1. Please specify each residue of segment 34-56 satisfying the condition of being among the aliphatic types (A, V, I, L, M), in contact (Cβ under 8 Å) with a residue 24 or more places away in the chain and either closer than 20 Å to Ala376 by Cβ or not in a loop (DSSP other than H, G, I, E, B) (or both).
2. Whether any residue in segment 165-172 is in a helix (DSSP H, G or I) and either surrounded by fewer than 24 Cβ atoms within 10 Å (Cβ to Cβ) or touching a Pro at 6+ places or on another chain (Cβ under 7 Å) (or both) is what I want to check.
3. Can you pull out the residues in segment 237-287 that are among the hydrophobic types (A, V, I, L, M, F, W, C), more than 29 Å from Pro423 (Cβ to Cβ) and in contact with an Asp or Glu (Cβ under 7 Å, 6 or more places away or on another chain)?
4. On the given criteria, is Leu419 of a type outside the set (Asp, Glu) and crowded, with 22+ Cβ neighbours inside 10 Å?
5. How about segment 186-228: which of its residues are buried (at least 16 other Cβ atoms within 10 Å of the Cβ) and outside any helix (DSSP H, G or I)?
6. Is there any pair with a first residue in segment 99-128 that is in contact (Cβ under 8 Å) with a residue 60 or more places away in the chain and in the same structural domain as Thr157 (by TED's automatic domain parsing) and a second that is among the acidic types (Asp, Glu) and in a helix (DSSP H, G or I) whose Cβ atoms are under 7 Å apart and which are 6 or more apart or on different chains, and what are they?
7. Among the residues of segment 422-432 satisfying the criterion of being surrounded by 21 or more Cβ atoms within 10 Å (Cβ to Cβ) and closer than 21 Å to Gln362 by Cα, which is farthest from the chain's Cα centre (by Cα)?
Amino acid sequence: MTDLEQSRLLVTEIPGPRSLELAARKHTAVSAGIGTTMPVFCARAAGGIIEDVDGNRLIDLGSGIAVTTIGNAAPRVVEAVGAQAARFTHTCFMVTPYEEYVAVAEHLNRLTPGSGEKRSVLFNSGAEAVENAVKIARSYTGKQAVVAFDHAYHGRTNLTMALTAKSMPYKSGFGPFAPEIYRAPLSYPYRDGLVDKELGANGELAAERAIDVLDKQIGAANLAAVIIEPIQGEGGFIVPAPGFLPALLAWCRDNDVVFIADEVQTGFGRTGAMFACEHEGIEPDLICTAKGIADGLPLSAVTGRAEIVDAPHVSGLGGTYGGNPVACAAALATIETLERDGLLERARQIETLMKDRLGRLQADDDRLGDVRGRGAMIAVELVKTGTAEPDPELTKKLAAAAHAAGVVVLTCGTYGNVLRFLPPLTISDELLIEALDVLALVLADL
C-alpha cells in the first residue's frame, strides 16, 4: 500500500477548484454519453481511501464498482505489473502464447465451483465474457434461445444489452437488439413477499414460477442457456430466496440447457466466498468473471465444464487483447492476496459490521425498506415512509449528500432506489464505521 493516509479529509468543497477545471476539460473533450458518479477527479488511491486532485480524501465504498476488491494499488499487484511490463506487454496469446495466461486459467479451474475437469478462456471485460459464454453454450447445444431474468444486468454490448432488463440508461435508443433473448421472473424476496409471503421466502416456489415461463414460452428444445447473476448487481443486490438457484440448475440439467452464472460483480471474494454460487452449493456449467479478477486491470474469463468450453471450433474463440500478460500478472497477484491475506473472512466480517449498523438504522427509520446482501456486497432499498413504494428521489439525495461529505457510495436497482456498498476488503473497521456514521447523519437531515 502507498503512504496514503487512511482517513477522511475535506480541504475544499466537493468538487474542489482543480476538479472543476478538469470537469470543464472533460466537457469539451469527452463524449457527453459518459456519466460520472462523483464530481471529483482521482489523484491516487489505496486501501479504503481515494484522494482527489484537490487533496480531499474520500472513503471508498465503491471499489470502482467491485473491481479493486483487494484495495487500490495493492502491493503484490503493483510489483507483479511492473515486473511483467518490463519483460513484455503484449504478443497476443493467439500468436505467441505465454505462461501467465495458462497460470490464470489453471487457478480459475481450481477455484471455481465444480469438481470435474474444467477449461478457461480469457477476455477483456464482463460483457465480453458473457457474450462468449453464450457463444459457447450455443455451440455446445446447437440451440439458439437464451433466458435472462427480471432486473438483470449483463453489459452494454448489443447482445448483453438484450440480456439486460433495465432500459435507462443501458438500452434506451440503442436497439434493435440481438434476437432469441427471453426473460423470466426472478426471486426477489423483499418485493415478492409484499404480495405473497410464501413466495418471498420459498426459492423453490419462485423457481416454479420461472420454470413455467421457460417451459411454456420458449421450450427446452429451443433453449441453449439460462444466464443469471447469483446475486444481482445493477438490479439492486437482490439475493434470491434459498432454493431458487438449485431448482433452476436442476431443471437445466434435466433439459440439456447450459446454466451460466454471471459472477462478474460477485466473484473473487466479494460475497465472503470466492464465488457467490458457493453459498447455494451449486456448480454452474459456465461461470463468467471479470471486475475483481485483476484489481483494476482489464481482464475477464469464462470457466466451465471441459466438454462445454471445448465445444467451439479452433479459433472460434479469442481476441487481440484477451488475457493480456500484464493483466494476467495482476490476476495472479490478486488471487495470491485473496488467499494469503484471509480476505474471504474479512468480507464476512464486513458483512456483520455493516448489516448490524444498517439494521439498527432500519429499526429506527421505515424509509429503509430492506437491508440485504452478502459479504462486502451490501445494499439498502429505500422506500417512501409508511409504504413499500420505491423512493428514487431520496436515494439520489442521500447519495449526493454522502458524496459532498466525502463518502463514495453508488446507487442501483430497477427503480433507482437502492444504495449499494462495495468497500474494498482491505478497508479498516474505523473507516467503515465513520462512513456509516456519515450516512446516518445524512439520513437524519433528509
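The values are calculated or read from the model by the stated rules, or taken from the named source; none is laboratory data. Not measured: the values here are computed from a predicted model. Glycine gets a Cβ as well: all are built from the backbone with ideal geometry, and neighbour counts include every protein chain shown.
1. Met38, Ala45, Ala46, Ile49, Ile50 - these are the residues of segment 34-56 that are among the aliphatic types (A, V, I, L, M), in contact (Cβ under 8 Å) with a residue 24 or more places away in the chain and either closer than 20 Å to Ala376 by Cβ or not in a loop (DSSP other than H, G, I, E, B) (or both).
2. No: segment 165-172 contains no residue that is in a helix (DSSP H, G or I) and either surrounded by fewer than 24 Cβ atoms within 10 Å (Cβ to Cβ) or touching a Pro at 6+ places or on another chain (Cβ under 7 Å) (or both).
3. Ala247, Val258, Phe259
4. Criteria met by Leu419.
5. If the condition is that a residue be buried (at least 16 other Cβ atoms within 10 Å of the Cβ) and outside any helix (DSSP H, G or I), then Leu186, Ser187, Tyr188, Asn202, Leu223, Ala224, Ala225, Val226, Ile227, Ile228 are the ones that fit.
6. So the pair list comes out as Pro113/Glu278.
7. Leu431
For every residue, the table says whether it meets (1) in the same structural domain as Glu99 (by TED's automatic domain parsing); (2) closer than 25 Å to Ala294 by Cα; (3) among the hydroxyl-bearing types (Ser, Thr, Tyr).
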position	(1), (2), (3)
Ile136	yes, yes, no
Thr141	yes, no, yes
Ala148	yes, no, no
His151	yes, no, no
